[in-house]
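Take a look at the structure set out below.
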Amino acid sequence: MKLHEKETVTCAEMKELERLGDAAGLPYYQMMENAGTCSAKEVMAKTVERGGKVVVFCGKGNNGGDGLVVSRLLEEKDWDVTLVLVEGLPVTVDSKTNYQLLQPGIKVVSIDEIEEAGNLYGGRPNAVVDSLYGTGFKGQLRESGAKAVRLMNELGKNSTLFALDIPSGLPGDEPAVSEESGETVYGDCVRADYTLTFHAKKPVHSVPEAAPFLGEVIVEDIGIGAILAQAE
């Protein structure tokens, strides 16, 4: 079976698929646009009866870039969008570009400006989007990330919480295992209602112990399979 045909790929394999897709004519920027477009559609479809107030938590990398696309597209559909920069301004090329495309109607705040969940729509937005960390996350959450996870989970009690690719705090590949008990161990993680993953599932999406954090896992087509099949 070819790599792009696998239903589950490791984080390293996903990185290689993105590289191959880019080389075959699907630019990294277009993959980000596709991922954000699919995600925005899911947010709208699953919260349509509840209104249009959304808080998007963005990291500084490409997962955050996906969230920037979501923010832009939802604002274009007249949603009230608050964007929370968890680790400062974007640092990757494509996420920087998407940050520059944001319209003035989007409220952009730093994580340091938010004391508690109640500061955001009274703690009751219609949707929350976790685009903090993706397949590149390993180890422990930094202070800003831990605060963002706490806020997202608090907001998620009164709204629909969407995680892009992987709920922040979860490793994409092999979970941590306790040396004492031999059981899978997770630290602080986003508890999503929906996990919107791109191209294929990652190993964590099939780990039983991760199920409480994942919610419903939906695989979104971002064009990699088609471009690689065409290139054969």
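Scanning the stretch 83-98 for residues that are farther than 22 Å from Lys147 by Cα and surrounded by fewer than 21 Cβ atoms within 10 Å (Cβ to Cβ) yields Thr92, Val93, Lys96, Thr97.
Could you check the stretch 99-127 and list, in sequence order, the residues that are out of contact with any Lys or Arg (no Cβ under 7 Å at 6 or more places or on another chain), farther than 20 Å from Ser159 by Cβ and either surrounded by 16 or more Cβ atoms within 10 Å (Cβ to Cβ) or modelled with pLDDT of 95 or more (or both)? Correct list: Tyr99, Gln100, Ser110.
Tally up the residues in the stretch 81-108 that are part of a strand (DSSP E or B) and either touching a helix residue (DSSP H, G or I) at 6+ places or on another chain (Cβ under 8 Å) or of a type outside the set (D, E, K, R) (or both), please.
Of the residues in that region, 6 qualify.
One residue stands out among those in the stretch 196-229 that are under 23 Å from Lys41 (Cα atoms), open to solvent by less than 30 Å² (accessible area, probe 1.4 Å) and among the small types (Gly, Ala, Ser): the one that is farthest from the chain's Cα centre (by Cα), which is Gly225.
Only a single criterion out of (1) free of Cβ contacts under 8 Å to residues at least 60 places away in the same chain; (2) more than 21 Å from Glu42 (Cβ to Cβ); (3) in contact with a helix residue (DSSP H, G or I) (Cβ under 7 Å, 6 or more places away or on another chain) is not satisfied by Leu151, namely (1). One residue alone among Ala35, Ala45 is over 23 Å from Leu228 (Cβ atoms) and either among the small types (Gly, Ala, Ser) or surrounded by fewer than 24 Cβ atoms within 10 Å (Cβ to Cβ) (or both), and that residue is Ala45. Please determine, by comparing only the residues of the stretch 37-64 that are without any contact (Cβ under 8 Å) to a residue 40 or more places away in the chain and either in a helix (DSSP H, G or I) or in contact with a Leu (Cβ under 6 Å, 6 or more places away or on another chain) (or both), which one is farthest from Gly169 (Cα to Cα). Among those residues, the one meeting the criterion is Glu49.
The values are calculated or read from the model by the stated rules, or taken from the named source; none is laboratory data. Predicted model, so just to flag it, every value in this text is computed and none were measured. Virtual Cβ from ideal backbone geometry, glycine too; neighbours counted across all protein chains shown. Surface accessibility is based on the protein's heavy atoms, side chains included, excluding ligands, DNA and RNA. Shrake-Rupley method; radii C 1.70, N 1.55, O 1.52, S 1.80 Å.
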